[in-house]
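The values are calculated or read from the model by the stated rules, or taken from the named source; none is laboratory data. Owing to the predicted nature of the structure, the values given are computational and were not obtained by experimental measurement. Methodologically, a virtual Cβ is constructed for each residue, glycine included, from the backbone with ideal geometry; neighbour enumeration extends over all protein chains shown. The protein model used for the area step is the full one, side chains on, heavy atoms only, and it has no ligands, DNA or RNA in it. Shrake-Rupley method; radii C 1.70, N 1.55, O 1.52, S 1.80 Å.
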Amino acid sequence: MPWYNGDYPPSYKNQPTELREKAVEIANALLQDGVEEGIAIATGLKQARELLKNHSKKN
């Protein structure tokens, strides 16, 4: 099930807004590629953390 407009997995609830939005974007893309929902949720969060971490190092 894709997530949009403030609807996101419960595990994203306490994440910062920027991280949560990027994780949802990544997870939705994974779902479109046929990845299972649980894997998409975990992978989205992990990749979003890495992207934001690397982005903050560059600034």
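Phi-derived couplings, Karplus 6.51 cos²θ - 1.76 cosθ + 1.60 at θ = phi - 60°, listed residue by residue for the stretch 8-18: 8, x, x, 5, 8, 3, 9, 7, x, 3, 4 Hz, with x used for Gly and Pro.
Which whole-number percent of Cα pairs in the chain have a distance greater than 16 Å? Value for the chain (Cα pairs over 16 Å): 37 percent. Distant-in-sequence amide contacts of residue 8, defined by a placed amide H-H separation under 5 Å and a gap of 5 or more residues or a different chain, comprise nothing. Relative contact order for the chain: 35 percent, from Cα pairs under 8 Å spaced at least 6 residues apart, divided by residue count.
3J(HN,Hα) along the stretch 20-36, derived from phi through the Karplus expression 6.51 cos²θ - 1.76 cosθ + 1.60 where θ = phi - 60°, amounts to 4, 4, 5, 5, 5, 4, 5, 4, 4, 5, 5, 4, 5, 7, x, 6, 4 Hz, with x in place of Gly and Pro. Cross-link partners of residue 58 among lysines, defined as those whose alpha carbon lies under 23 angstrom from its own and excluding same-chain residues fewer than eight positions apart: 22, 46. Relative to the longest principal axis of the Cα atoms of the chain, the long axis of helix 37-58 lies at roughly 10 degrees.
Taking all protein chains as present, what is the carbon and sulfur share of the accessible area of the chain, in % to the nearest whole number, probe 1.4 Å? The computed percentage sits at 51. Accessible surface calculations at 1.4 Å, restricted to protein heavy atoms, place the chain at 73 Å² per residue.
With unit charges on the beta carbon (Lys/Arg positive, Asp/Glu negative), name the residue among 40, 1, 19 whose Cα is farthest towards the positive pole of the charge dipole of the chain. Value computed over the given set: 19.
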